[in-house]
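Each remark here refers to the structure printed beneath this line.
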Number of protein chains: 4
Amino acid sequence: MKLQKSELPALLERIYSEVTPLYGVGKTADYIPPLSRVNPRQFGMAIRFVDGDEFTVGQASTPFSIQSISKLFALMLALDIVGDDLWKRVGREPSGMRFNSLLQLENENGIPRNPFINAGAIVVTDTIVNHSASPVKRLEQFMASLSGNVFNRYDPEVYVAEARTGYRNAAIANLLKALGNLEGEVDVVLDSYYKQCSMTMSCLDLARATESLANKGKSSFRTQFHGERMDKRVNALMLTCGLYDAAGNFAYQVGLPAKSGVGGGIVAVLPGYFSVAVWSPELDSYGNSVLGQKALELLTHYTSSSIF
Amino acid sequence: MKLQKSELPALLERIYSEVTPLYGVGKTADYIPPLSRVNPRQFGMAIRFVDGDEFTVGQASTPFSIQSISKLFALMLALDIVGDDLWKRVGREPSGMRFNSLLQLENENGIPRNPFINAGAIVVTDTIVNHSASPVKRLEQFMASLSGNVFNRYDPEVYVAEARTGYRNAAIANLLKALGNLEGEVDVVLDSYYKQCSMTMSCLDLARATESLANKGKSSFRTQFHGERMDKRVNALMLTCGLYDAAGNFAYQVGLPAKSGVGGGIVAVLPGYFSVAVWSPELDSYGNSVLGQKALELLTHYTSSSIF
Amino acid sequence: MKLQKSELPALLERIYSEVTPLYGVGKTADYIPPLSRVNPRQFGMAIRFVDGDEFTVGQASTPFSIQSISKLFALMLALDIVGDDLWKRVGREPSGMRFNSLLQLENENGIPRNPFINAGAIVVTDTIVNHSASPVKRLEQFMASLSGNVFNRYDPEVYVAEARTGYRNAAIANLLKALGNLEGEVDVVLDSYYKQCSMTMSCLDLARATESLANKGKSSFRTQFHGERMDKRVNALMLTCGLYDAAGNFAYQVGLPAKSGVGGGIVAVLPGYFSVAVWSPELDSYGNSVLGQKALELLTHYTSSSIF
Amino acid sequence: MKLQKSELPALLERIYSEVTPLYGVGKTADYIPPLSRVNPRQFGMAIRFVDGDEFTVGQASTPFSIQSISKLFALMLALDIVGDDLWKRVGREPSGMRFNSLLQLENENGIPRNPFINAGAIVVTDTIVNHSASPVKRLEQFMASLSGNVFNRYDPEVYVAEARTGYRNAAIANLLKALGNLEGEVDVVLDSYYKQCSMTMSCLDLARATESLANKGKSSFRTQFHGERMDKRVNALMLTCGLYDAAGNFAYQVGLPAKSGVGGGIVAVLPGYFSVAVWSPELDSYGNSVLGQKALELLTHYTSSSIF
């Protein structure tokens, strides 16, 4: 990385000014009312270096619905609980298909391709559910322990909307059950899953919560994870599978492990250097934030940051 | 058809003796306990000519679980209710895939290929549900009006077992809902669907209930259907889609429109001549009765019956 | 069938007048120049009863490119040569996919679903090639022996155009070879296949050539086939697979076994009664003649003809 | 990376002794005779640091058939010729399917998912063919300019064997042509493609030839590439798509951008540090070298090397 940290504030301002012309190119997620009602013209960005220095721009402290970014934290928690046993039930390969496809599941005996497609994430949630007295509370506490913010909870309004319209996820969970890869009751697992997807965090929360992925597993707010170098492995999964069907292109353009959500958030890490979170609600056709992707591309461009 | 009706009793006895050596070649459906517990070595056959003459052999009056044969009656009822509007929501083409595949549904915007695959049958049931105060009672009455037997009802034990293990059907119904092709509530439609599949009839009931398909739409036990020549069209659907993935082969070997169920029953018709039902619980790998198929093949062979 | 033969001339005139308003609804095949250059506003129809009576209307004697209808004759010839051994290499089930799909071939070990999709037809041609000194000549002679017209030959101009643009067929043939289901050399088999598809016949030729399918295997111009009741089985295949992806719908609407070609021809039979051929170059999106299908639908409607 | 370079020789010996017990676990590629005849119990490894220091163990100087590793060099050459225009014809996403699947190609209008599956590699070769007077010679010279070894040429015996059995590649090329994504003649492009896959190099050649990918695009044997930072982008593609269907798992286990071939070779890079090549002919079920993968896993484990 070519950059003095003292240049960061100016750089973030520059990025901010360069991405805002993209307002209107994408559009907010429309599948549930609470997401579609969000003011689309918002942008926030927070970067946290492994030494603890933090820099922000825009609405970096505004909480938003993290949606699929929660799959990252659920994965970390499940790995912390069951370790590599998780991989008996979920694969680690890119899916090459729309993130909610059922075809692959049928063809491959109910083993989802990876933990970031919905089917895989539901199996991850199932793992947490079956090892926890209060799975949602446990996940909330896990995330609070990573971000240091006990207000990182699920949003009841978003949860209700998710549950009300979650027919496709219900199809996936039932198919997993039919194929023998769901231990819990379908309704119970889905309830946890919808709550998990409804978690609310800000860019700053997310940059802190992913610190361990940039810092060899060490977190400022939490004792060490059980697994050795979980960060390295989770980063590999983010790079190959983290941005739905656009993971390959993002790796090519940006070159950082990252995970996105349809709430408009994206987290990314440069291992050894920093974790970063961006948020802007307008999405491209892949479900990834338009301004968020551009901001990360500019950040890596101006700082010559890339894992490659 | 080359046959004197007086030869029928001897012919049915001959067929009976020629198919029983096949006991043990197939095996009973094992996906729900009530079906797997049925005595597998049973065989019944009933043939009803359009003039009302009936001939039977074996356990032709033993009630059994008609399972997917119910899709035929549900289709007839739905066509009687909404007519050709049904085809806006279901196709009429063979599926070319295992009868419960979800892939096709995703690729073709939620329009099931035909009314005999599970997805299509669930849409048919949805149609009945949305036009009936008591859909299950209506279907029971419809079937009783066709067979003349008011004891043709759903079996509560089979229904409970179907509902308890119906994850794949739940996946299908939820996917249909997600894709906008299910009007009713998922749980309500599935409940009706499981009850419909749990209907109990005998070979003789079935031969009578399908009389209209052999007799230009006329039924001895019921007034005319609304639709003109529904029989012709339903027969076409049976021929192209009636035996799951083995429809083409059955058309080639037997040459009669037919519909099978995993309870071991098969109904078939020779338009203008007769309707026939066979039952024997042991199934081949496609889910079709081994002895049942053989019996129909022998019947058409010995009588030179074929629509072709 | 409800009809006096004396009414046929008037009926055919009526049908003619009722279909011609459909000129312009479809469009001619555009994938090779010789087909796209055909005058689109042509219509012919010929019907031949099993007693030898023939009736025609329009351009019933104009030769046209029979294209995929040739698959029917190639199938009959291959069955005549190798009998049921053919079914070790080709299935008898509808494909449920666009007629030239490669997916099914990969998934099912190189066994094409049926002899009327391109992959299946290429295997059929391969069978003829491997049992014939001069396969194309043999097929020409076979067809002439069925139609009684020695001028039924392949059109060199169409052949050259087919060969020049046949990349998809080349893909299929190479995949069949890779999967172990092509005995001949790829180029040799394709050459025969392109010539076969380029055969030229008129409606009258076709009605005569399919007489055996309406008449229990008997042909006026040729001695008996080897196989017993090949007609019955070929008719079953036509009904379930004869009109590409529209076979189910055609069975539902028309109810006759039939085979179509992108040259605009369709042959159909009512077993025991007649064979019929129609031709009009404008096609619907499935590749079937718009006027041809309508003419057959009207014929069956006015005469109450249907196998169902 | 935690390692003194002085420890390298001992480390490579240790790795060598730890992987050789795996002889016999995999088996050599059997699809063409020249590959199946290779002595399976061979292992070589060469590592080249960006400062030019080189270390080897085993048969690091033995030339072998690089097979799909050639796709990496062809990609670099094509990018050097046409730049980002290449991406109009090839995607950058993992395929999620067996490396030679045709399904994806049909569904996505002939745009291969990435340049490392066969379909994508054939499009890359097509690009080179259409911009070169002597495409094979150009590729040979390009590779020699990267490795500094003018003896890196194609092996005529392997080429002939590839061409003789390349039906699946012929299917792919014909389908690409049918779908409008092949400019050259099918036979011409395939000829170049088979020759490219038949190139022969040693581990040492490969470690040198991939130096630029570890060293920000700089090569010791060649002037700069045209494109800016091509290395970064090619590395991203290797990481997400380089090991067929096992790319995700390799990223997870090893964490280096890499490209494998069925000749048993694998190249990998740690950007900023080193390029490395391993070779051992016995393959796992994915077509990747068993000992090669293990050697790279041990190298990264003992040196804590990973991009993550």
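The values are calculated or read from the model by the stated rules, or taken from the named source; none is laboratory data. Please read all numbers here as calculations on a predicted model, not as lab measurements. FYI the Cβ positions are ideal-geometry reconstructions off the backbone, even for glycines, and counts take in every protein chain you see.
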Within the range B:242-269, how many residues are surrounded by 24 or more Cβ atoms within 10 Å (Cβ to Cβ) and farther than 25 Å from B:ALA161 by Cα? 11
Could you say whether any residue in the range C:34-52 is in the same structural domain as C:ALA268 (by TED's automatic domain parsing), hydroxyl-bearing (Ser, Thr, Tyr) and surrounded by fewer than 17 Cβ atoms within 10 Å (Cβ to Cβ)? yes
How many residues, within the range C:237-268, are touching a residue at least 60 places away in the same chain (Cβ under 8 Å) and within 19 Å of B:ASN114 (Cβ to Cβ)? 10
Restricting to the range D:121-179, name every residue that is among the polar types (S, T, N, Q), free of Cβ contacts under 8 Å to residues at least 12 places away in the same chain and not in a loop (DSSP other than H, G, I, E, B). D:GLN141
Criterion first (at pLDDT 95 or above and either under 21 Å from C:LYS232 (Cβ atoms) or over 14 Å from the mean Cα position of the chain (by Cα) (or both)) does B:LYS195 satisfy it? yes
Enumeration of residues in the range B:33-52 that are more than 14 Å from B:ALA209 (Cα to Cα) and assigned to a loop (DSSP other than H, G, I, E, B): B:ARG37, B:VAL38, B:ASN39, B:PRO40, B:ARG41, B:GLN42, B:PHE43, B:ASP51
Within the range A:275-292, count every residue that is within 14 Å of another protein chain (Cβ to nearest Cβ) and either among the charged types (D, E, K, R) or in contact (Cβ under 8 Å) with a residue 24 or more places away in the chain (or both). 3
Being part of a helix (DSSP H, G or I) and over 28 Å from C:SER306 (Cβ atoms) is the requirement here; does C:ASP191 meet it? yes
Would you check which residues across the range B:246-268 are of a type in the set (Gly, Ala, Ser) and either touching a Lys or Arg at 6+ places or on another chain (Cβ under 7 Å) or assigned by TED's automatic domain parsing to the domain that holds B:LEU146 (or both) and list them? B:GLY248, B:GLY255
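Give the range A:235-261 a look and list any residue that's of a type outside the set (Ser, Thr, Tyr) and in contact with a strand residue (DSSP E or B) (Cβ under 6 Å, 6 or more places away or on another chain), or say none.
The answer is A:MET238, A:GLY242, A:LEU243, A:LEU256, A:PRO257, A:ALA258, A:LYS259.
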Please tell me if D:ASN114 is away from chain C (no Cβ under 14 Å), touching an Asp or Glu at 6+ places or on another chain (Cβ under 8 Å), crowded, with 21+ Cβ neighbours inside 10 Å and over 22 Å from D:PHE64 (Cβ atoms). yes
Out of (1) more than 30 Å from A:THR62 (Cβ to Cβ); (2) more than 14 Å from chain D (Cβ to nearest Cβ); (3) at pLDDT 95 or above, the odd one out for A:VAL124 is which? (1)
Considering only the range D:139-152, I want to know if a residue exists there that is away from chain A (no Cβ under 11 Å), closer than 28 Å to A:LEU239 by Cα and surrounded by 19 or more Cβ atoms within 10 Å (Cβ to Cβ). no
Residue match in the range B:69-83 (condition: among the β-branched types (Val, Ile, Thr), in a loop (DSSP other than H, G, I, E, B) and at pLDDT 95 or above): no
Hey, among the residues in the range C:264-299 that are in contact with a Gly (Cβ under 9 Å, 6 or more places away or on another chain) and at pLDDT below 95, which one's farthest from C:ALA214 (Cα to Cα)? C:SER285
What number of residues within the range D:171-189 are aliphatic (A, V, I, L, M) and either out of contact with any helix residue (DSSP H, G or I) (no Cβ under 9 Å at 6 or more places or on another chain) or surrounded by fewer than 24 Cβ atoms within 10 Å (Cβ to Cβ) (or both)? 4
Please find, within the range A:78-107, the residue that is surrounded by the fewest Cβ atoms within 10 Å (Cβ to Cβ) out of those that are more than 22 Å from A:LYS177 (Cβ to Cβ) and either within 12 Å of chain D (Cβ to nearest Cβ) or aliphatic (A, V, I, L, M) (or both). A:ASP84
When restricted to D:VAL234, D:VAL158, the only residue more than 24 Å from D:GLU93 (Cα to Cα), among the β-branched types (Val, Ile, Thr) and away from chain C (no Cβ under 14 Å) is D:VAL158
